[in-house]
Amino acid sequence: MATTDTTKHARVYRALEGEILSGQWRAGDRLPSEAELVERFGVSRITVGRAVRDLQRAGLVERRAGSGTYVRRADAEVAGGLSFGLLIPDLGETEIFEPICQGMMASPRAHEHALLWGSPTGAGETKAERAWHLCRQYVERRVSGVFFAPLERSPERDEVNLRIERALEDAGIPVVLLDRPVRPYPERGPSDLVGIDNARAGYIVTDHLVRAGSRRPAFVAIPDSAATVDVRESGYREALHRHDLADSIDRTRRLDPDDADAVSALLAQGTDGIVCANDWTAARLMRTLLDLGWRVPEDVRLVGIDDVEYAKLLPVPLTTFRQPTREIGAAAIAAMLERVAHPEMPTRDILLHGELVVRRSCGA
């Protein structure tokens, strides 16, 4: 029961704090009465009273005897702004996250708030351990929200990602997911998500590859990929059905793109094109193909998804689907501020449009 009460109290506190700091309640405004807040949040009067007392201790409201509770510091500038934690375990490994963070910091809506990167952790920790350590830091600091890009390329990713999501939810801290969900489709968690329509991206690059001449395209991703990869594969499958090439679907593979034997086995099936789950996979696969003596695109056409900075610098410039990374960052900031101000809103997926970038690797 204590845990439940704590969670309810945190939910009421975060909702009112967000409304005050976002400017919904301005200096001098009278907050609704405790009875009205009890009805709004569906909690006990004790829980509401505790949340209001915490707002008073934080210097956000003042209680006037016989009159009610009034906002003391209403706008973000006076209150010092909101503090948001960045929890991106694959930062520095997955290239899209750096420009996403740049887009967040460049957004005019972020200028009066703080983005926290967390403190360095002890040497020898795994990526999963570092992610959990950062999560605990943010809970202890009572940040106003967390931008979370779930862990991938780790056998323990699902367990760790769910534990982080639940810890932040129990603490009453809103989360905006970047690029990828915590749970595989069609499951849905409690957090908003900002990214691209991954099924559409998978469809577009596959459709382009087929129109460029591939009749036996494969889909390749690495093991332990993010849930977005499965959705991109669904777009690949849909495109093959549309082109009456469904027999190619048994060429979907989860393999190490540096593994020459695995790549050779795939090509031995008559594969003449490869849809890569992302540019990271495509770059490594291209190197393996060239080392094996296969020509791109003359023997094997290749496409990716993301359009990272090095995609145009590969030995054969890569055809890919561009993610609008900076725009994703700006949209994530907007989504977080809306969530803080209106915690009762339905959970949302905010999907931005990308574009196909045609280069030499597809043979078009």
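Working carefully through the options 287, 339, find the one that is outside the structural domain of residue 19 (by TED's automatic domain parsing), modelled with pLDDT under 95 and outside any loop (DSSP other than H, G, I, E, B).
Checking each option against the conditions leaves just 339.
Quick check on residue 209: is it closer than 22 Å to residue 283 by Cα, modelled with pLDDT under 95 and buried (at least 24 other Cβ atoms within 10 Å of the Cβ)?
no
Within the range 342-354, take every residue that is under 26 Å from residue 13 (Cα atoms) and in a loop (DSSP other than H, G, I, E, B) and give me the one that is nearest to the chain's Cα centre (by Cα).
Selected residue: 348.
Could you check the range 190-199 and list, in sequence order, the residues that are in contact with a helix residue (DSSP H, G or I) (Cβ under 6 Å, 6 or more places away or on another chain) and either surrounded by fewer than 18 Cβ atoms within 10 Å (Cβ to Cβ) or farther than 18 Å from residue 148 by Cβ (or both)?
190, 199
Would you tally the residues in the range 136-166 being in contact (Cβ under 8 Å) with a residue 60 or more places away in the chain, out of contact with any strand residue (DSSP E or B) (no Cβ under 6 Å at 6 or more places or on another chain) and in a loop (DSSP other than H, G, I, E, B)?
So the answer is 6.
State which residue is surrounded by the fewest Cβ atoms within 10 Å (Cβ to Cβ) when the search covers only the range 170-185 and only residues that are more than 12 Å from residue 138 (Cα to Cα) and touching a residue at least 60 places away in the same chain (Cβ under 8 Å).
Out of the qualifying residues, it is 170.
Of a type in the set (D, E, K, R), out of contact with any helix residue (DSSP H, G or I) (no Cβ under 6 Å at 6 or more places or on another chain) and surrounded by fewer than 18 Cβ atoms within 10 Å (Cβ to Cβ) - does that describe any residue in the range 260-279?
yes
Residues of the range 255-281 being touching a residue at least 60 places away in the same chain (Cβ under 8 Å) and in a helix (DSSP H, G or I), which ones?
Selection gives 279, 280, 281.
For the structure I just gave you, tell me whether residue 279 is modelled with pLDDT of 95 or more, closer than 27 Å to residue 159 by Cβ and of a type outside the set (Ser, Thr, Tyr).
Judged against the criteria, residue 279 is not a match.
What number of residues in the range 166-187 are among the charged types (D, E, K, R) and within 21 Å of residue 334 (Cβ to Cβ)?
Counting residues in the range 166-187 that are among the charged types (D, E, K, R) and within 21 Å of residue 334 (Cβ to Cβ) gives 2.
Would you say residue 329 is modelled with pLDDT of 95 or more and crowded, with 22+ Cβ neighbours inside 10 Å?
It is true that residue 329 is modelled with pLDDT of 95 or more and crowded, with 22+ Cβ neighbours inside 10 Å.
Condition check ((1) among the hydroxyl-bearing types (Ser, Thr, Tyr); (2) surrounded by 14 or more Cβ atoms within 10 Å (Cβ to Cβ); (3) within 19 Å of residue 339 (Cα to Cα)) across all residues:
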{"residue": "107", "(1), (2), (3)": "yes, yes, yes"}
{"residue": "113", "(1), (2), (3)": "no, yes, yes"}
{"residue": "116", "(1), (2), (3)": "no, yes, yes"}
{"residue": "128", "(1), (2), (3)": "no, yes, no"}
{"residue": "131", "(1), (2), (3)": "no, yes, no"}
{"residue": "137", "(1), (2), (3)": "no, yes, no"}
{"residue": "142", "(1), (2), (3)": "no, yes, yes"}
{"residue": "154", "(1), (2), (3)": "yes, yes, no"}
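Of all residues in the range 35-60, count the ones that are out of contact with any strand residue (DSSP E or B) (no Cβ under 8 Å at 6 or more places or on another chain) and part of a helix (DSSP H, G or I).
The number of residues fulfilling the criteria is 17.
For residue 304, state whether it is assigned by TED's automatic domain parsing to the domain that holds residue 206 and in contact with a Lys or Arg (Cβ under 7 Å, 6 or more places away or on another chain).
For residue 304, the condition - assigned by TED's automatic domain parsing to the domain that holds residue 206 and in contact with a Lys or Arg (Cβ under 7 Å, 6 or more places away or on another chain) - is not met.
Among (1) part of a strand (DSSP E or B); (2) in the same structural domain as residue 238 (by TED's automatic domain parsing); (3) modelled with pLDDT under 95, which single condition is residue 115 missing?
Going through (1) part of a strand (DSSP E or B); (2) in the same structural domain as residue 238 (by TED's automatic domain parsing); (3) modelled with pLDDT under 95 one by one, residue 115 breaks only (2).
Show the residue pairs that are 6+ apart or on different chains and have beta-carbon atoms under 9 Å apart, the first residue being within the range 82-97 and assigned to a loop (DSSP other than H, G, I, E, B) and surrounded by fewer than 20 Cβ atoms within 10 Å (Cβ to Cβ), the second being small (Gly, Ala, Ser) and modelled with pLDDT of 90 or more.
Going by the 9 Å Cβ cut-off, the qualifying pairs are 91/149.
Got a sec? Which of 69, 7 is at negative phi and modelled with pLDDT under 85?
7
The values are calculated or read from the model by the stated rules, or taken from the named source; none is laboratory data. From a predicted model like this one, the values you see are computed outputs, not experimental measurements. Reconstructed Cβ throughout: ideal geometry from the backbone, glycine too, with neighbour counts over all protein chains shown.
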